[in-house]
Amino acid sequence: MTSTDTTFTPASHSASTSEQARNHIMASDPVSTRNVTTNPPKSVTQRTQLPQVSTATIFDGRNTPQNIASYGFFLGVLAGAGALIAYTYPGVQQLGIFCVALAVFHQMEYVATAMFNPNKLSLDSFLINHSAHYHMAHAAGLAEFLIEYWLFPNWKKPGLSSSIGAAVLVIGQAARTVAMFSAKSNFSHHIADRKVPGHQLVTTGIYSIMRHPSYFGFYWWAIGSQIMLLNPISLAAFAHILYRFFNDRIEYEEYTLIKFFGESYVQYRSRVGTLIPLIE
């Protein structure tokens with residue numbers, strides 16, 4: 001053997017083996033390792049960031065899908081309830097028909113605006129929030145019907161008068177809907193104070209028969225509803241209020257139309273009437 005050789009003995013082997021085993025245990029067992037530090041566990045909120053979910057709000061005035069669906073749903077409920085009343089209770093059939101007609105009226109206002117004026121589309125396009133006076137008028141009409149039905153039920157029996165009223169109502173709805181579909185993007189629920197590009201004077205179709213056919217439609221829809229409900233007081237009140245409203249509105253609107261279209265509108269107005277009583 002040379003001087004570089006190492007003499008092997010059982011004692012040195014045992015010590016080496018014990019040291020290796022101790023090192024192995026300390027490396028594999030973190031608890032026994034004094035120099036190893038562990039971080040505290042993260043909380044649930046630290047480990048997982050939950051996504052922010054926006055709360056769906058209805059009846060907040062915005063033109064959101066949930067609001068549109070809500071309005072459409074309640075109009076559908078109104079129409080369904082009206083149909084059920086008309087079918088189940090023949091004595092107040094006209095009340096059920098009125099509920100259906102009211103739902104159809106408001107739904108068609110939104111549909112026509114969505115089809116031809118999407119840039120102007122809003123929840124107001126349903127015309128449900130038209131004005132406080134509008135709601136008061138309908139409330140007064142319904143109150144008169146119910147009170148008179150309770151006091152004088154024979155007065156409210158459906159007959160020729162209510163049938164004529166229903167026919168007038170249908171004519172009014174048809175005229176208004178045809179007017180909106182004929183004017184397309186030229187139709188608006190609000191009077192325009194300035195002429196926008198593409199605004200045209202429509203004088204064909206139903207507009208060749210009457211000026212402002214949408215006003216004609218609403219006027220006779222409202223008058224027909226009160227004839228159908230056999231409401232003499234509301235009928236007189238509706239006729240007076242609607243005349244004043246449309247007389248003022250048409251006067252102002254035609255002032256703006258003459259500014260927009262000049263002599264063309266003057267000639268059109270001279271040859272076509274409104275077919276609304278007392279309004280030329």
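Going residue by residue through segment 256-268, is there one that turns out to be under 22 Å from Ala175 (Cβ atoms) and among the polar types (S, T, N, Q)?
no
Restricting attention to segment 110-126, does a residue exist that is in a helix (DSSP H, G or I), acidic (Asp, Glu) and buried (at least 19 other Cβ atoms within 10 Å of the Cβ)? Before you say what the answer is, go through the steps one by one.
Of all residues in segment 110-126, those in a helix (DSSP H, G or I) come to 110-116, 118-120, 123-126.
If we keep only those that are acidic (Asp, Glu) too, we end up with 124.
Subsequent filtering for residues that are buried (at least 19 other Cβ atoms within 10 Å of the Cβ) retains none.
No, segment 110-126 has no match at all.
Any idea which of Ala175, Ala183 is over 15 Å from Leu257 (Cα atoms) and among the hydrophobic types (A, V, I, L, M, F, W, C)? Before the answer, list the steps.
Working: Ala183 fails: over 15 Å from Leu257 (Cα atoms).
Checking each option against the conditions leaves just Ala175.
Please verify whether segment 174-191 includes one or more residues that are in contact with an Asp or Glu (Cβ under 6 Å, 6 or more places away or on another chain) and in contact (Cβ under 8 Å) with a residue 12 or more places away in the chain. Yes - at least one qualifying residue is present in segment 174-191. Is it true that some residue in segment 54-69 is of a type outside the set (S, T, N, Q), closer than 30 Å to Gly198 by Cβ and surrounded by 14 or more Cβ atoms within 10 Å (Cβ to Cβ)? Among the residues of segment 54-69, at least one is of a type outside the set (S, T, N, Q), closer than 30 Å to Gly198 by Cβ and surrounded by 14 or more Cβ atoms within 10 Å (Cβ to Cβ), which makes the answer yes. Close Cβ contacts (under 7 Å, 6 or more residues apart or on different chains) running from residues in segment 200-212 that are without any contact (Cβ under 8 Å) to a residue 60 or more places away in the chain to residues that are among the hydrophobic types (A, V, I, L, M, F, W, C) comprise Val202/Ala183; Ile206/Ala175; Ile206/Val178; Ile206/Ala179. For segment 173-193, the criterion of being exposed (fewer than 14 other Cβ atoms within 10 Å of the Cβ) and over 23 Å from Met108 (Cα atoms) is met by at least one residue.
Scan segment 113-122 and give yes if some residue there is in contact (Cβ under 8 Å) with a residue 60 or more places away in the chain and either closer than 19 Å to Phe238 by Cβ or in contact with a Gly (Cβ under 7 Å, 6 or more places away or on another chain) (or both), otherwise no. There is no residue in segment 113-122 that is in contact (Cβ under 8 Å) with a residue 60 or more places away in the chain and either closer than 19 Å to Phe238 by Cβ or in contact with a Gly (Cβ under 7 Å, 6 or more places away or on another chain) (or both). Go through segment 174-218 and give me each residue that's at pLDDT 95 or above, under 23 Å from the mean Cα position of the chain (by Cα) and among the aromatic types (Phe, Trp, Tyr). Those that are at pLDDT 95 or above, under 23 Å from the mean Cα position of the chain (by Cα) and among the aromatic types (Phe, Trp, Tyr): Phe181, Tyr215, Phe218. Scanning segment 243-269 for residues that are under 14 Å from Met210 (Cβ atoms) and loosely packed, with under 15 Cβ neighbours inside 10 Å gives no hits. For Leu235, the conditions (1) in a loop (DSSP other than H, G, I, E, B); (2) without any contact (Cβ under 8 Å) to a residue 24 or more places away in the chain; (3) surrounded by 13 or more Cβ atoms within 10 Å (Cβ to Cβ); (4) not aromatic (Phe, Trp, Tyr) all hold with the exception of (1). Of the residues making up segment 86-99, those that are surrounded by fewer than 19 Cβ atoms within 10 Å (Cβ to Cβ) and closer than 15 Å to Phe145 by Cβ number 2.
The values are calculated or read from the model by the stated rules, or taken from the named source; none is laboratory data. No experiment lies behind these values; they were computed from the predicted model shown. Using ideal geometry, Cβ is built from the backbone for each residue, glycine included, and neighbour counts are taken over all protein chains shown.
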